[in-house]
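**Student:** Quick one: structure below, then a few questions.
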Amino acid sequence: MSIKILVKIAITAALYAVATMAIAPLSYGAVQFRLSEIMTLLAFIDPIYIPGLVLGCALSNLYSPLGIVDVIVGTSATFLSVYLISKTKHLILASLWPTIMNSILVGAELFFVLHQPFFISSIYIAIGEFVVVTCIGCPLFKLIMKKNNLLKILKYQ
């Protein structure tokens with residue numbers, strides 16, 4: 001693994017973790033609007049970002065009120081999401097993976113740990129993910145993908 005790859009992983013992990021923890025009340029719990037989730041779309045540009053996104057999620061979930069359970073469940077949801085994003089060829093469809101994975105896995109986590117209704121928790125999580133990743137992230141990434149000089153920086157070469 002090259003230094004360039006390690007640096008991209010470290011920067012990605014740090015940015016994701018800081019962006020999540022900076023707005024902590026909105027990043028954890030039954031209703032979540034993690035702006036850091038926009039970064040999951042980096043996996044659409046290049047799968048090199050997957051380890052950094054997963055690590056960043058794990059680090060930020062260490063500060064979750066649900067503790068180690070959220071580190072395991074939330075990070076698993078992020079891993080599945082970014083892996084599937086990297087395999088999806090259309091940006092809008094790719095942006096739906098975090099909504100699907102987080103609504104199911106984090107919804108189940110909230111059901112089992114906090115005894116919140118699964119369906120309602122899943123809907124709240126899905127709304128937050130959809131707004132952040134699809135409604136905000138997709139237009140942002142469409143702009144990024146039009147800028148060849150920025151795309152060159154983001155892609156591993």
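**Student:** Suppose only helical runs count, i.e. DSSP H with n ≥ 4. What mean residue ellipticity at 222 nm does that imply for the chain under -39500 (n - 2.57) per run, divided by all residues and rounded to the nearest 500 deg cm²/dmol?
**Tutor:** Values: 9 runs with 112 residues, N = 157.
One gets -22500 deg cm²/dmol as the mean residue ellipticity at 222 nm.
**Student:** Right, another one. Å³ per residue of the Cα convex hull, for the range 83-157? Provide the component values of the computation, followed by the final result.
**Tutor:** Numbers: hull volume 7.4 nm³, N = 75.
Expressed per residue, the convex hull around the Cα atoms of the range 83-157 is 98 Å³.
**Student:** To the nearest 20 debye, what charge dipole does the chain have about its Cα centre, counting +1 at the Cβ of each Lys and Arg and -1 at the Cβ of each Asp and Glu?
**Tutor:** Numbers: 10 positive and 5 negative charges, 161 e Å.
Roughly 780 debye for the chain.
**Student:** Between V113 and L15, how many nm apart are label points set 7 Å from Cα along the C-beta direction?
**Tutor:** 2.7 nm
**Student:** Neighbouring Cβ atoms within 10 Å as the yardstick, rank V71, V82, V131, V7 fewest first.
**Tutor:** Details: V71 18, V82 28, V131 14, V7 11.
Sorted ascending by nearby Cβ count, the order is V7, V131, V71, V82.
**Student:** Another question about this same structure. Which semi-axis lengths, in whole Å and largest first, follow from the square roots of five times the eigenvalues of the Cα gyration tensor of the chain?
**Tutor:** Numbers: eigenvalues 133, 58, 31 Å².
Whole-Å semi-axes of the equivalent ellipsoid: 26, 17, 12.
**Student:** Taking only C-alpha pairs under 8 Å that are 6+ residues apart, what is the relative contact order of the chain in percent?
**Tutor:** On the way: 240 pairs, mean separation 38.8, N = 157.
So the answer I get is 25 percent.
**Student:** Can you tell which of F112, I144, S64 lies farthest toward the positive end of the dipole of the chain, using +1 and -1 charges on the Cβ of basic and acidic side chains (Lys, Arg; Asp, Glu)?
**Tutor:** Of the listed residues, the answer is I144.
**Student:** How would you rank 84-97, 26-39, 50-63, highest first, on the average number of other Cβ atoms within 10 Å across their residues? Working shown, then result.
**Tutor:** Numbers: 84-97: 17.6, 26-39: 19.2, 50-63: 22.1.
With the highest mean Cβ count within 10 Å placed first, the list reads 50-63, 26-39, 84-97.
Coordinate-derived values only; no laboratory data. Computed from a predicted structure; not experimentally measured. For neighbour counting, all protein chains shown are included, and Cβ atoms are generated from backbone atoms with ideal geometry for every residue, glycine included.
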